[in-house]
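The values are calculated or read from the model by the stated rules, or taken from the named source; none is laboratory data. Everything quoted here is computed from the prediction, not taken from an experiment. With ideal geometry, Cβ positions are generated from the backbone for all residues, glycine too; neighbour counts draw on all protein chains shown. In case anyone asks, the SASA skips ligands and DNA or RNA and just uses the protein heavy atoms, side chains included. Shrake-Rupley method; radii C 1.70, N 1.55, O 1.52, S 1.80 Å.
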Amino acid sequence: MENPNTTPPVDTNRMIEERRAKLAQLRKEGVAFPNDFVRAHLAEVLAAEHEDKDPKALVEQMVAVSVAGRIMLKRVMGKAAFATIQDMSGRIQLYVSIDDTGAHALDEFKHYDTGDIVGAQGTLFKTQKGELTVRVSTIRLLTKSLRPLPEKFHGLTDQEQKYRQRYVDLIMNEDTRLVFVQRARIIQAIRKLLIDRRYYEAETPMMQPIPGGASARPFVTHHNALDMQLYLRIAPELYLKRLVVGGFEKVFEINRNFRNEGMSTRHNPEFTMLEFYAAYTNHEYLMGFIEQILRAAANAACGTEQITYQGRPIDLSQPFARLTITEAIKKYRPDIGDDVLSDRGHIIAKLNELKVPFRETDGLGGLQLTLFENTVETELWDPTFIVDYPAEVSPLARRSDKNPEITERFELYICGREIANGFSELNDPEDQAERFMEQVRQKDAGDHEAMHYDADYIRALEYGLPPCGGAGIGIDRVVMMLTDSPSIRDVILFPQMRPE
């Protein structure tokens, strides 16, 4: 027996047909999609200016307004009707009555649907419940919505549908809109900080003849006019350092990168990075500046440097911890001691015991890194710089003067994931050429993520790259952290999806 309390399913096709019929009638009557209405006021601004005013004084002031937005709610009551419209800043209520707008306009308004976009002019007043409202004198239908919005009490709840139809998600979910407002604030704050420090913002090629600047598998495309294979960039690094050679001594780019890799809650094949480079600095400068960047971002998005992510606190106000790879392993995996970490054979035995895959060609440093990434990385909740990366896995980083087996490189981890990567740049062209050759040997041996040999970059280094520090920060992961979003898809407006 059917449950009498069950809400009957919505016949979407029937509703769309009814709306199409209304649109057909509008076409007969004149311009169906007018574009001559001028909006002068936003809901948020009107609320800020008039929310606290005395109702009687507000009416006496006769505050004339012109608003526009999407109908989210509508209530018809005989000779009058209320509607709530939503614009880019928020919501405001409209009051349409036979006395103020006339019988014809009221009758037309009664046939408007939720989702329709309207423009209205009138004066402000407050209802008996104290809600700021526009007493409408004229109202026009600007855009007829052919598809009904999701049921008002539940909005858009299917997670995959939210990603596929982000436009509906943004209409229905205030929390989603706030995430992307915060994202914009984060990027604006970072950009402002860099510009205030006299960094020059650059734009480098997204299609490159040689993919460089990172170890990743690229996307491949073809340029018909030039009849040549091109790659979507995996990083802007080598081009930005060419600019430092050319005299732009402090340079940055907030860029889109593309990597042909798997997808997860932390990975999307198209993602946003900040990369910045500064001549006459090193990795020590970078770590301090990254702390400042993240604090500026936190204050812009959250108003505080003490945040919570997935129920656990993170304090960005204190100096970030610093550990080497082996120090981090011994701290979080006390069962793994120096006897294992100092011997290649013992590390391989431990990796086999843990069923962790590794590259047979890796040396001691590479194996230590593999062990770290698979046993410790997720434990690094509080901000922690992991420093002194092995040279064999850092083909663009400057070697340490004290120990040539390691580089002046770091990665920053917060809430168990990598947030940033940086190092003192390798500016020795002969050393860099040999490192590129080693990458080519690894590629020939089957490593699809190894780098290509970039002869033009070597030529640029031969003109002279000043001592330099450079870093990359994953903007999407920073936004995830500062908006308490569990998945990278929650902070990318249109994440990559399989076909429907």
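In square angstrom, what is the accessible area per residue of the chain with a 1.4 angstrom probe? Spell out each step's value before the answer.
Numbers: 25530 Å² over 500 residues.
Per-residue value: 51 Å².
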Problem - At least 18 Å along the helix axis (C-alpha) and Kyte average at least 0.0, DSSP helices within the chain - result: 174-196, 283-302
Practice task
Name the long-range amide H neighbours of Asn260: under 5 Å, sequence gap of 5 or more, or other chain; modelled H, no Pro or chain starts.
Solution key: Arg217, Phe219
Practice task
Report, in whole Å, the centroid distance computed from the Cα atoms of the stretch 427-456 and the stretch 368-416.
Solution key: 20 Å
Problem - In order through the stretch 385-397: 3J(HN,Hα) via Karplus (6.51 cos²θ - 1.76 cosθ + 1.60), integer Hz, x for Gly, Pro - result: 8, 8, 10, 6, 6, x, 4, 5, 10, 9, x, 10, 9
Exercise for the section: Give me the net charge of Pro499's neighbourhood, meaning all other residues with Cβ under 15 Å from the Cβ of Pro499; Lys, Arg count +1, Asp, Glu -1. Expected result: 0
Completion exercise
Residues whose modelled amide H sits under 5 Å from the amide H of Arg322, counting only those 5 or more places away in sequence or on another chain, are Phe385
Fill in the blank from the handout: Along the stretch 212-219, Karplus-curve 3J(HN,Hα) (6.51, -1.76, 1.60; θ = phi - 60°) to the nearest Hz, with x for Gly and Pro, reads x, x, 6, 9, 6, 8, x, 7
Handout entry: Net +/- balance of residues flanking Thr84 in space, Cβ distance below 10 Å, scoring K and R +1, D and E -1
Key = +3
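Shape verdict for the stretch 341-430, please, from the Cα gyration tensor: rounded (a/c under 1.5), prolate (a/b greater than b/c) or oblate.
Details: a/c = 2.36, a/b = 1.20, b/c = 1.97.
The shape class here is oblate.
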Practice task
Mind ranking 34-43, 457-466, 220-229 by how tightly packed they are, going by the mean number of other C-beta atoms within 10 angstrom, highest first?
Solution key: 457-466, 34-43, 220-229
Handout entry: Whole-percent carbon and sulfur share, accessible surface of the chain, 1.4 Å
Key = 50 percent
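Stretched out fully, how many nm does the piece from Tyr463 to Lys402 gain, at 0.36 nm a residue minus the Cα gap? Could the numbers behind the result be given before it?
Details: separation 61, 0.36 × 61 = 21.96 nm, distance 2.66 nm.
Length gained between Tyr463 and Lys402: 19.3 nm.
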Handout entry: Exceeding the 18 Å Cα-Cα cut-off - candidates Lys79/Lys110; Lys53/Lys126; Lys74/Lys144; Lys22/Lys162; Lys28/Lys144; Lys22/Lys79
Key = Lys22/Lys162; Lys22/Lys79
Problem - Pairwise label distance in nanometres, Arg359 with Phe33, each label 7 Å out on the Cα-Cβ vector - result: 5.2 nm
Exercise for the section: Considering Cα pairs under 8 angstrom that are at least six residues apart, work out the relative contact order of the stretch 150-264 and quote it in whole percent. Expected result: 22 percent
Exercise for the section: Classify the stretch 73-147 as rounded, prolate or oblate from the Cα gyration tensor: take a ≥ b ≥ c as the square roots of its eigenvalues, call it rounded if a/c is under 1.5, otherwise prolate when a/b beats b/c and oblate if not. Expected result: oblate
Fill in the blank from the handout: Honestly the stretch 153-302 on the Cα gyration tensor test (a ≥ b ≥ c root eigenvalues; a/c under 1.5 rounded, otherwise a/b vs b/c for prolate or oblate) is just oblate
Problem - J(HN,Hα) series, the stretch 259-273, from Karplus relation 6.51 cos²θ - 1.76 cosθ + 1.60, nearest Hz, glycine and proline x - result: 10, 7, 10, x, 10, 7, 5, 10, 10, 10, x, 10, 8, 10, 10
Problem - Amide proton proximity set for Cys468, modelled H, under 5 Å, gap of 5+ - result: Tyr280, Thr281, Glu425
Handout entry: Rg/Rh (Cα only; Kirkwood hydrodynamic radius) as it applies to the chain
Key = 1.08
Completion exercise
Descending packing, highest mean Cβ count within 10 Å first, for 377-384, 248-255 is 248-255, 377-384
